[in-house]
């Protein structure tokens, strides 16, 4: 995967990662949605679902054996330890499948790819990326976005955020931090500048390796 420039976009729930990736996709940059790959991976792998059931109880599965995502989220995000257990079950297979998608893009001739991934640090996946973007926002903005998006209470949104890696811990490793607590047009302008940076970094990265 050394002939493609790999960018990760990370940040807590409600920070604006998905909006950022939609914008980049509209500008022609290939996006890999780690959450979508995770969903497909779990749906297709009964072994993972059974492991989740064993760790968190039978109620995390529906009667037909499919994953009850709302119940799993409620239990897995209740504590950092529980989230670590869930991540330990899911991440190895998800990382394997994300790597396959990156390889497919590389073989198809893509020069850049962006992976939207909330749990880079928990997964130990950060090391494969050439450039890391952290999307951050004020706590109250994150809460409101999570509540609206997922239809959950403020208490549940707080619990979910508490189980995630702090922005300050991620910022130490980030190559670019984009703050998203203002108006959407402000955020878009920051993303426009980010694209210029990514393209410049990718060009130099590929030139150094003799890739045209």
Are any of the residues in the stretch 191-207 at pLDDT 90 or above and at positive phi?
no
Here is a list of conditions, (1) surrounded by fewer than 13 Cβ atoms within 10 Å (Cβ to Cβ); (2) closer than 15 Å to residue 112 by Cβ, and residue 205 meets all of them except one; can you say which number that is?
(1)
Considering each residue of the stretch 29-67, count those that are over 20 Å from the mean Cα position of the chain (by Cα), surrounded by 18 or more Cβ atoms within 10 Å (Cβ to Cβ) and either touching a residue at least 40 places away in the same chain (Cβ under 8 Å) or assigned to a loop (DSSP other than H, G, I, E, B) (or both), and give that number.
0
Collect the residues in the stretch 4-28 that are part of a helix (DSSP H, G or I) and more than 20 Å from residue 167 (Cβ to Cβ), keeping them in residue-number order.
22, 23, 24, 25, 26
Output the number of residues of the stretch 54-70 satisfying the condition of being out of contact with any helix residue (DSSP H, G or I) (no Cβ under 6 Å at 6 or more places or on another chain) and within 16 Å of residue 44 (Cβ to Cβ).
5
I'd like the residue in the stretch 162-179 that is assigned to a helix (DSSP H, G or I) and closer than 14 Å to residue 14 by Cα and, out of all such residues, is modelled with the lowest pLDDT.
167
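For (1) touching a strand residue (DSSP E or B) at 6+ places or on another chain (Cβ under 8 Å); (2) within 30 Å of residue 207 (Cβ to Cβ), each residue gets a yes or a no:
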residue	(1), (2)
9	yes, yes
12	yes, no
19	no, no
23	no, yes
47	no, no
55	no, no
61	yes, no
68	yes, no
Report yes if some residue within the stretch 180-200 is assigned to a helix (DSSP H, G or I) and under 25 Å from residue 38 (Cα atoms); otherwise report no.
no
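The values are calculated or read from the model by the stated rules, or taken from the named source; none is laboratory data. Everything quoted here is computed from the prediction, not taken from an experiment. Note that each Cβ is placed from the backbone with ideal geometry, even for glycine, and that neighbours are counted across all protein chains shown.
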